[in-house]
Amino acid sequence: MAPRPYWKGYLKLSLVTCPVSMSPATSESDKVRFHTLNRETGNRVVSQYVDAVTRKPVKDEDEVKGYARGENDYVLLTDDELDAVALDTVKTIDIDKFVPRDSIEWIYLEKPHYLVPDDPVGHEAFAVIRDAMASDKVFGVSRLVIGRRERAVVLEPRGEGIVLWTLRFGDEVRPEESYFEDIDTKSDPDLIPLVQKFIKQYTKTWSADMVSDPVQDALLDIIAKKKKALKPSKKGKANDDGAATESNVIDIMDALRKSLAAGGKGKRA
């Protein structure tokens, strides 16, 4: 069963719009994680914000965001002020351009998310956008606010769905030339066939088992042995609240005709 999506909004291409939901394509929830305990009492140790000068704990309602403009001098921003600058991209993935799918270098791809239609009435619009991109072998380019930060994203059609990749900004990518420029690019041509023979011998079909974590497995083994020596603990029942959906009925063919007639610059309904 797929986990509950952490973002819901709309996928928009000119006048064609459909409700969608997004979930991270990767997860580290199955990794072994430890809590810090008090050895003497066996109780968990909790973290707490403390005033750097008075060393007294700070209440949740007294916490505020601050932008440093000098040493020990800050501009304070409230949550209401931060919410006031929310952009349209908070709830809408508006595709405004397309690029050939092989034109984006791998290093710019940051984190993948699964994008799916969030209401039955939006399935057809979603499928039209997905299949058109797949047929033309292009990625859609857009922007999306994640964690109060607007990110550049690309949409990759994948099977029945779409994978949304957040992109690294240009100043976050270090040029490879500065690292590879001192490497001697010449190789012995007589050695290449030998290495190719070795590669062919050890080539296998890709499997997720090739990237298993032996440290994780060893930790799980230790934990399993220790659990056997302890009394079983009571398990609570988890609540599963249904997620509400929104409908957005549209005439896709009419919207596409209007978009093309307007040169792809249709006004938002």
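Between Ala255, Ala243, the distinction of being modelled with pLDDT under 75 and open to solvent by less than 90 Å² (accessible area, probe 1.4 Å) belongs to Ala243 only.
Mind checking whether some residue in segment 202-216 is closer than 30 Å to Lys97 by Cα and basic (Lys, Arg)?
Initially, segment 202-216 is screened for residues closer than 30 Å to Lys97 by Cα, giving none.
The answer is no; no qualifying residue exists.
Restricted to strands (runs of 3 or more DSSP E) entirely inside segment 3-104, those with at least 1 residues that are surrounded by 15 or more Cβ atoms within 10 Å (Cβ to Cβ) and modelled with pLDDT of 85 or more are 7-13, 16-24, 92-94, 97-100. Scanning segment 117-149 for residues that are modelled with pLDDT under 90, more than 17 Å from the chain's Cα centre (by Cα) and open to solvent by 50 Å² or more (accessible area, probe 1.4 Å) gives Pro120, Val121.
In the condition set (1) aromatic (Phe, Trp, Tyr); (2) open to solvent by less than 80 Å² (accessible area, probe 1.4 Å); (3) under 16 Å from Gly140 (Cα atoms), Tyr114 is compliant with all but (2). Contact annotation: residue pairs with Cβ atoms under 9 Å, 6 or more positions apart or on different chains, pairing a residue in segment 2-24 that is farther than 15 Å from Asp94 by Cβ with a partner that is part of a loop (DSSP other than H, G, I, E, B) and at pLDDT 90 or above, are Pro5/Asp118; Lys8/Asp118; Ser21/Asp118.
Scanning segment 157-186 for residues that are open to solvent by less than 90 Å² (accessible area, probe 1.4 Å) and over 13 Å from the mean Cα position of the chain (by Cα) returns Pro157, Gly159, Gly161, Phe169, Gly170, Glu172, Val173, Pro175, Ser178. Looking only at residues in segment 105-148 that are in contact with a strand residue (DSSP E or B) (Cβ under 9 Å, 6 or more places away or on another chain) and in a loop (DSSP other than H, G, I, E, B), the one that is farthest from Val16 (Cα to Cα) is Lys137. Tell me, which residue of segment 198-224 that is of a type in the set (Ser, Thr, Tyr) and not in a helix (DSSP H, G or I) is least open to solvent (accessible area, probe 1.4 Å)? In this case the residue turns out to be Ser207.
The values are calculated or read from the model by the stated rules, or taken from the named source; none is laboratory data. Everything quoted here is computed from the prediction, not taken from an experiment. Neighbour counts run over all protein chains shown; Cβ positions are idealised from the backbone, glycine included. With ligands, DNA and RNA removed, areas are computed over all heavy atoms of the protein, side chains included. Shrake-Rupley method; radii C 1.70, N 1.55, O 1.52, S 1.80 Å.
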